Amino acid sequence: MENSHRLPFSLRAFLVAPWPVPVACSLLLSSGTPGRFSLLFFFLILAVALVISYLGTAALVVTLHFVAQARPVTRTVSAMTGLILAGIAYLPFDYLSWSSSGPDSGPPIESFLSCLRRDLADPFFGIFLAAGVVAALVYDTLARRQARQTTPLPAHRVHP
């Protein structure tokens, strides 16, 4: 008997879900680059963004498996899990930015928490959160669709 609380794993959903936000950001960031460097810059940004996005999607799938042990996984739960994981994934990037923010590459002047509070308004943080939610919703939608398509319909018994 299948556990109705869990979101089924789908390789196709896992392979597709990380792509939307990295592609959009790569297009946006490379659109101002002149000439043939625009295409090179696009692929460079896309490669880095996809590595981060695939790692986040892998963390999402594993986390949703454990969340399903405690409660049903709905689209809202998937989206909130993606949002929370994206917020957590932003912390190392912000820490690296803070640790190199001192004058003349020295130690930082302000505390990490004050830097983090300030950086919560940074568009980069918003992109991380959006990517987490979009990847979670795309994965959720595709995994559910594939599960519906592969689940055989129950045989209908005719009583005499």
Restricting to the range 18-37, count the residues that are loosely packed, with under 15 Cβ neighbours inside 10 Å and more than 28 Å from D140 (Cα to Cα).
7
Residues located in the range 53-84, provided they are open to solvent by 40 Å² or more (accessible area, probe 1.4 Å) and touching a Ser or Thr at 6+ places or on another chain (Cβ under 9 Å):
T63, P72, R75, I84
Assess whether R145 counts as being exposed (fewer than 13 other Cβ atoms within 10 Å of the Cβ) and basic (K, R).
no
Single unsatisfied condition, D140 versus (1) of a type in the set (D, E, K, R); (2) open to solvent by less than 80 Å² (accessible area, probe 1.4 Å); (3) under 30 Å from L7 (Cα atoms); (4) free of Cβ contacts under 8 Å to residues at least 40 places away in the same chain:
(4)
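So that you can scan it fast, the table gives a plain yes or no per residue for (1) within 29 Å of S114 (Cα to Cα); (2) of a type in the set (A, V, I, L, M):
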{"position": "F14", "(1), (2)": "no, no"}
{"position": "W19", "(1), (2)": "no, no"}
{"position": "L27", "(1), (2)": "no, yes"}
{"position": "S38", "(1), (2)": "no, no"}
{"position": "A47", "(1), (2)": "no, yes"}
{"position": "L64", "(1), (2)": "no, yes"}
{"position": "L85", "(1), (2)": "yes, yes"}
{"position": "S97", "(1), (2)": "yes, no"}
What's the total number of residues in the range 92-115 that are within 20 Å of L50 (Cβ to Cβ) and surrounded by 10 or more Cβ atoms within 10 Å (Cβ to Cβ)?
2
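The values are calculated or read from the model by the stated rules, or taken from the named source; none is laboratory data. Predicted model, so just to flag it, every value in this text is computed and none were measured. Cβ atoms come from the backbone with ideal geometry, glycine included; neighbour counts cover every protein chain shown. Only protein heavy atoms, including side chains, enter the accessible area calculation; ligands, DNA and RNA are left aside. Shrake-Rupley method; radii C 1.70, N 1.55, O 1.52, S 1.80 Å.
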